[in-house]
2 protein chains.
Amino acid sequence: MTADSDPGLFECMFSMRAMRRLKPDPVPPEMIAKILEAATQAPSGQNTQRWAFLVITEEEGRTFFGQNYRDWIYRLMGDRAPPEDDNSKPARQMKAALHLADHMHEVPLIILACGKRDWPFVVPQEERVGLAPPSYGSIYPAVQNILLTCRGLGLGASLTTVHQMFEPELREFFEIPEDYGVVASIPIGFPLGNFGPVTRDPISKKAHYEKWGQQREAP
Amino acid sequence: MTADSDPGLFECMFSMRAMRRLKPDPVPPEMIAKILEAATQAPSGQNTQRWAFLVITEEEGRTFFGQNYRDWIYRLMGDRAPPEDDNSKPARQMKAALHLADHMHEVPLIILACGKRDWPFVVPQEERVGLAPPSYGSIYPAVQNILLTCRGLGLGASLTTVHQMFEPELREFFEIPEDYGVVASIPIGFPLGNFGPVTRDPISKKAHYEKWGQQREAP
């Protein structure tokens, strides 16, 4: 797969699972450029494009991010790490999350998707106290474009928000100004495993027709 | 374009603009099913899938949504409607937004993307007052999948959040329970205009390398 090919939209969308076991091999610059360009194709409120993407590929940044990320994963997980021989789905998921944490410092590309802080228009003036949140609705569509583009290029990626636990340190280290919030962090690399279908509830459980509670079988 | 074809990922992503001029022709049920299935392929925090999609196609719901939407667009816009002969980019954008508002009641398919309310783990217990927000990070990736799938199927769509201005009425009309927030509303139909490239700032303005402020030309 090269940055110039164009795989199927649905092929990508329907086989894009979180890839947490990644090779340390660097991501070619033209793929990084493609990922970033795809991100900026996403919609944003009134096309204000108040996003910023911090691209981390060098050892210093990866080590800083990886150490903090790993520390926090283990702190959040506490003693809930699954036993070696537990092969249930939740256990496998947790092991993949721990694998990512243990190897985050070796992941060749980490993108921090940032959003300018801005009060949503529905928040009344008198309730606007402290820092405004970043506009999630104007950043997450770009994040999904990043994930799909990675899938399209044969790169593994996943979406994490654990950086929020060390956002002050993160902000200081990468010199991120206070008027931007770090919305998502996306570790990216060539995958060790294979892409494949995801486990999801059927749409008959998630869709309601005309009124809430009116559910149907898929046609 | 049918629900079975698979257009190029990048072809779709790089020509997916907000389509606000739509035909009233109904969207075939198999396309609605494809859109919903694509939505549920998106990632969500720990795969909790706390999303729900309210599908509006019948006249009663479209009329209710359309009237409220139109009222609020005109109220928010005030007297800033551009003169007929202004063909500047912002004026054209605003005219398209007004066109959508004027015709919302005729749009054949409106999807309300809802998210279960849940405090993010970074919010300390003592700050958890009132209703939790829906988990935006677990809904907007699904919203982007909806938009891309529409593009892939040849359907026009756009992302709006104006429903927030009448969320209590919306909730009552469609019987949406309080533990779900309506995150985005997506009007969908066959487009009157053409898909095409979007206007975006170059990535050299939006990407930072290794540290904030270190910007580069694209390779």
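The values are calculated or read from the model by the stated rules, or taken from the named source; none is laboratory data. Because the structure is predicted, anything quoted here is derived from the model rather than measured. Positions of Cβ are generated from backbone atoms using ideal geometry, with glycine treated the same way; all protein chains shown enter the neighbour counts.
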Condition met for B:Gln125 (more than 7 Å from every other protein chain (Cβ to nearest Cβ) and under 30 Å from A:Leu109 (Cβ atoms)): no
Matching residues, the range B:145-191, being of a type in the set (Phe, Trp, Tyr) and touching a strand residue (DSSP E or B) at 6+ places or on another chain (Cβ under 7 Å): B:Phe174, B:Tyr180, B:Phe190
Any hit, the range A:139-156, residues being crowded, with 22+ Cβ neighbours inside 10 Å, among the aromatic types (Phe, Trp, Tyr) and in contact with a Phe, Trp or Tyr (Cβ under 9 Å, 6 or more places away or on another chain): yes
Residue check for B:Ala184: at pLDDT 95 or above, out of contact with any Lys or Arg (no Cβ under 9 Å at 6 or more places or on another chain) and not in a strand (DSSP E or B): no
Residues within the range B:151-169 that are within 11 Å of another protein chain (Cβ to nearest Cβ), touching a residue at least 60 places away in the same chain (Cβ under 8 Å) and assigned to a helix (DSSP H, G or I), tallied: 7
Per-region count, the range A:35-64, residues more than 7 Å from every other protein chain (Cβ to nearest Cβ), under 13 Å from B:Gln144 (Cβ atoms) and assigned to a loop (DSSP other than H, G, I, E, B): 1
Residue within the range B:88-111 that is within 30 Å of B:Cys12 (Cα to Cα), in contact with a strand residue (DSSP E or B) (Cβ under 6 Å, 6 or more places away or on another chain) and facing chain A (nearest Cβ under 10 Å) present: yes
